[in-house]
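Engineer: Okay, here's the structure, questions in a sec.
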Amino acid sequence: MIEIRGLTKVYGRTTAVDDLTVTVRPGVVTGFLGPNGAGKSTTMRAVVGLDRPTSGEVLVDGRRYADHPAPLHQVGALLDAGAVHPGRSARNHLRALAATNGIGHRRVDEVLELVGLSEVAGRRVGGFSLGMSQRLGIAATLLGDPAVILLDEPVNGLDPDGIRWIRGLLRALAAEGRTVFVSSHLMSEMALTADHLVLLGRGRLLADVSMQQMTATATGRVTVRTPQPEELTRLLVVAGAVVSRPEPDVLTVTGTTAEEIAGTALAARILLTELVPVHASLEEAYLAMTADDVQYRSTTPATPATDPTAPRRAAA
Ligand SMILES: Nc1ncnc2c1ncn2[C@@H]1O[C@H](COP(=O)(O)OP(=O)(O)OP(=O)(O)O)[C@@H](O)[C@H]1O
């Protein structure tokens, strides 16, 4: 378990993490999401003691990382896949890491196998593709068979096969009862991998929710087909809904439910030939939640930033 309590990290005039309190639990994959610059990497570095908090603290299974007698057995962290001596072979890189932590050669071969690098284990790491380097980084995190696994943007540089592989690996590690905390700025990827989500925006906690809760709060819109669109539009607008008309006999309605639309239509004897609730995708919910917190914004944000159905924040 990772307990982040009141974590604040200030760099000069930038508050990278702002009073963040969150608990990352074992047995599930927790996705750590937020736009670029939200403070995800800073938080992860603080977990493994690479960044000293300005205030607050982070405990891993009840102790600060530095207080664990054998940290590599406690926490496996992939924070920068590039931090490898380019002249070394993959096997020797892992053997060097293993040696300093009292881990034997057999475990090195096991993790090479696990990440699919056995056949290239003798090759110089300098010639590795980004995807291969990511796999090697993941192998290093698993060396000590840790209870807590921390991965910063692990799918970066992976091809679709690699992405599917890492998804399976993360889910298997969580199923074994480990704590799996994985950052990404790709909601679509997390939707397939994570059971729980921690959302960060400008260093602050925006949401700490299960994937199910996130989907439920992603209020959607309703598509209605009717031969009496003008009449139904008038009634729905009076009732406070927002209505657009993409086709002559089709309305898109937000701000109300399918049940209410059906009730309104029935009361006015308006025929409905189609009534389809369309749930907002997780991607839309995420964009709506983080719209105010994007540090580097393009000039034409193609986001539903003003969507009145955007879910409320858990904490602002
Ligand atoms: N060593 C540092 N010195 C100064 N500022 C820093 C440092 N590290 C991070 N920052 C700043 O802190 C903020 C948070 O950065 P951080 O890398 O933690 O965000 P992130 O969510 O991981 O972003 P990304 O998805 O782009 O990696 C940013 O404004 C960044 O510029």
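Just so it is clear, none of the values below were taken in a lab; they were calculated from the coordinates. This structure is a prediction, so every number in the text was calculated from the model and none was measured. Every residue, glycine as well, gets a Cβ built from its backbone with ideal geometry; the counts of neighbours run over all protein chains shown.
Engineer: So what is the 222 nm mean residue ellipticity for the chain from helices alone, if each DSSP H run of at least 4 adds -39500 (n - 2.57) and you divide by all residues, rounding to the nearest 500 deg cm²/dmol? Mind showing how you got there, number by number?
Structural biologist: Values: 11 runs with 104 residues, N = 316.
Helix contribution divided over all residues of the chain: -9500 deg cm²/dmol.
Engineer: Check V278: other-chain or 5+ apart residues with amide H under 5 Å from its amide H, H built from backbone geometry?
Structural biologist: Correct list: R221, V222, T223.
Engineer: Could you give the angle, 0 to 90 degrees to the nearest 10, between helix 105-114's Cα long axis and the longest principal axis of the Cα atoms of the chain?
Structural biologist: The two axes meet at around 20 degrees.
Engineer: Suppose a student asked you for the relative contact order of the range 2-216, using Cα pairs under 8 Å spaced at least 6 residues apart; what percent would you report? Mind dumping the intermediate values first?
Structural biologist: Values: 427 pairs, mean separation 66.9, N = 215.
Answer for the range 2-216 is 31 percent.
Engineer: Let me ask something additional. To test your reading of the geometry: what angle, between 0 and 90 degrees and rounded to tens, separates the Cα axis of helix 130-142 from the longest principal axis of the chain?
Structural biologist: Orientation of helix 130-142: about 70 degrees from the principal axis.
Engineer: Sticking with this one: Can you pull the three principal axis extents for the Cα set of the range 2-216, in Å, largest first?
Structural biologist: That works out to 45, 37, 33 Å along the principal axes.
Engineer: Something else now. Quick check on the range 85-144: what does the Kirkwood estimate of hydrodynamic radius come out to from the alpha carbon pairs, in Å? Each step should come with its number before you reach the end.
Structural biologist: Values: mean 1/r = 0.0909 Å⁻¹.
When all Cα pairs of the range 85-144 are included, the Kirkwood radius is 11.0 Å.
Engineer: From the backbone phi of the range 184-199, what are the Karplus-calculated ³J(HN,Hα) couplings (6.51 cos²θ - 1.76 cosθ + 1.60, θ = phi - 60°) in whole Hz, Gly and Pro given as x?
Structural biologist: Going residue by residue, I get 6, 10, 9, 4, 4, 5, 5, 4, 8, 10, 8, 9, 9, 10, 10, 10 Hz, with x marking Gly and Pro.
Engineer: Treating the beta-carbon of each Lys and Arg as +1 and of each Asp and Glu as -1, no other charges, what is the dipole magnitude of the chain about its Cα centre, to the nearest 20 debye? Provide the component values of the computation, followed by the final result.
Structural biologist: Numbers: 31 positive and 33 negative charges, 197 e Å.
Its charge dipole is roughly 940 debye.
Engineer: Continuing with the same structure: How would you order 48-55, 16-23 from highest to lowest mean count of nearby Cβ atoms within 10 Å?
Structural biologist: Numbers: 48-55: 15.4, 16-23: 19.1.
Ranked by mean Cβ neighbours within 10 Å, highest first: 16-23, 48-55.
Engineer: Return L272, L251 ranked ascending by Cβ neighbour count within 10 Å, so the fewest neighbours appear first. Write out the running numbers ahead of the final one.
Structural biologist: Working: L272 18, L251 23.
In order of increasing Cβ crowding within 10 Å: L272, L251.
Engineer: Looking at the chain, what % of its DSSP beta bridges pair antiparallel, to the nearest 5? Numbers along the way, then the final one.
Structural biologist: Numbers: 33 of 51 bridges.
Counting only bridges with both partners in the chain, antiparallel ones make up about 65 percent.
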